[in-house]
Amino acid sequence: MVQFTTHRLAPDADGLDRAATLLKEGALVAFPTETVYGLGGDARDGTAVAGIYAAKGRPSFNPLIVHVPDLETAQRYGRFDAAMLALAQAFWPGPLTLVVPLSDAHGLSSLVTAGLDTVALRVPAQPIVRALLQQFGGPIAAPSANPSGRISPTTADHVMAGLDGRIAAVLDGGPCPVGLESTIVGGAPLALLRPGGLAVEEIEAVAGPLATAKGGITAPGQLVSHYAPRAALRLNANHAHPGEQLLGFGPMQSDLNLSISGDLVEAAAHLFDHLHRLDASGRPIAVAPVPEIGLGRAINDRLRRAAAPRD
Ligand code: TXA
Ligand code: MG
């Protein structure tokens, strides 16, 4: 693996200029989005995309999300039917990824789609990544900026802890406000491929009931042990056993609390940061129950995967 000095760039005109130039040179740059930090490369450049897989240590059958500035640009790469157009118009820019059939002259590296005939497209809302997309002027392939299978990053420090020396730079835009990866919808009939930062209830209010994805599509978020801390995790705990640390939700005694007031939006924003912090001590982690509604569905999805047995 090539070793880099990973530069931490300020999100000002100079930093954005450096980041866009690095992307044009085929280098990898991590950047903030409203959901989590992404590890970006030029989606048309096979070498850059291969570098993303290598830096993350990601199994190469997992396709990447392509980030674009707006729906019009997205339509260069993917074909949108009426249902997908309605979702894009309702929720872009924002924490929603749409999986649509590839357009004919898309020009994307086949590594981005891992050889599938569909592509995952997302128009992020966060101002720094929007400025980067403008300045770079092309599609940016970006998975979450963490080594494969580890906790997703919501700060530049998290990115550095996992990828320092493996990428050219990270744009430091502070903590990500949503804190959970985007919700992914695809297929006909429309199916939920991954719960995430946009509540399913909001999507269903526009699109009607979503099917549940089964088989066929492999999302790494769907590998059972994903988002894993090094320490063991025990779910639905009302108190800590001796030696455990308690990650609380709602008013309770705990080492760290996702949201004392029981607010699921706040809990989502804290989830990965609190897991990173508790994991640093190496002690097992007990997690209080989180209700299975709104963003709680995505929070519980990530917690179940983090708690799954692994080798
Ligand atoms: O919020 C997010 O979505 C973040 C930020 C950086 O945008 N990105 C992210 O990427 O979470 P990643 O690579 O960690 O997850 C992308 C997901 C994977 O589960 C992948 O399998 C799925 O998108 N995916 C990508 N292309 C697909 C396709 N053509 N069909 C089905 N799933 C696809
Ligand atoms: Mg990820």
**OP:** State which residue is farthest from the chain's Cα centre (by Cα) when the search covers only region 69-127 and only residues that are in a loop (DSSP other than H, G, I, E, B) and within 16 Å of ligand 2 (Cβ to nearest atom).
**Re:** A114
Original post:
What are the residues in region 276-294 that are in contact with a helix residue (DSSP H, G or I) (Cβ under 7 Å, 6 or more places away or on another chain) and part of a helix (DSSP H, G or I), if any?
Top reply: H276
Original post:
Would you pick out the residues in region 149-159 that are touching a residue at least 40 places away in the same chain (Cβ under 8 Å) and either more than 9 Å from ligand 1 (Cβ to nearest atom) or not hydroxyl-bearing (S, T, Y) (or both)?
Top reply: G149, R150, I151, P153, T154, T155, A156, H158, V159
Original post:
Checking A228 against (1) in contact with a helix residue (DSSP H, G or I) (Cβ under 6 Å, 6 or more places away or on another chain); (2) of a type outside the set (K, R); (3) modelled with pLDDT of 95 or more, which test does it fail?
Top reply: (3)
Subject >> Failed item in (1) in contact (Cβ under 8 Å) with a residue 24 or more places away in the chain; (2) surrounded by fewer than 23 Cβ atoms within 10 Å (Cβ to Cβ), with L132 passing the rest >> reply: (2)
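Could we say that G78 is assigned by TED's automatic domain parsing to the domain that holds A13, buried (at least 19 other Cβ atoms within 10 Å of the Cβ), within 11 Å of ligand 1 (Cβ to nearest atom) and under 28 Å from M160 (Cβ atoms) here? Even if it seems obvious, please write down each step before you answer.
Details: assigned by TED's automatic domain parsing to the domain that holds A13: yes; buried (at least 19 other Cβ atoms within 10 Å of the Cβ): yes; within 11 Å of ligand 1 (Cβ to nearest atom): yes; under 28 Å from M160 (Cβ atoms): no.
No; evaluated as a whole, the condition is false for this residue.
Check region 117-127 and report whether any residue there is assigned by TED's automatic domain parsing to the domain that holds L163, surrounded by fewer than 20 Cβ atoms within 10 Å (Cβ to Cβ) and at pLDDT below 95.
So far as region 117-127 goes, yes, one or more of its residues are assigned by TED's automatic domain parsing to the domain that holds L163, surrounded by fewer than 20 Cβ atoms within 10 Å (Cβ to Cβ) and at pLDDT below 95.
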Original post:
If Q3 passes every condition in (1) within 16 Å of ligand 1 (Cβ to nearest atom); (2) at pLDDT below 95; (3) in a loop (DSSP other than H, G, I, E, B) but one, which one does it miss?
Top reply: (1)
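The values are calculated or read from the model by the stated rules, or taken from the named source; none is laboratory data. Small disclaimer: the values here were computed from a predicted structure and weren't measured. Cβ coordinates were reconstructed from backbone atoms using ideal geometry, including for glycine residues, and neighbour counts include every protein chain displayed.
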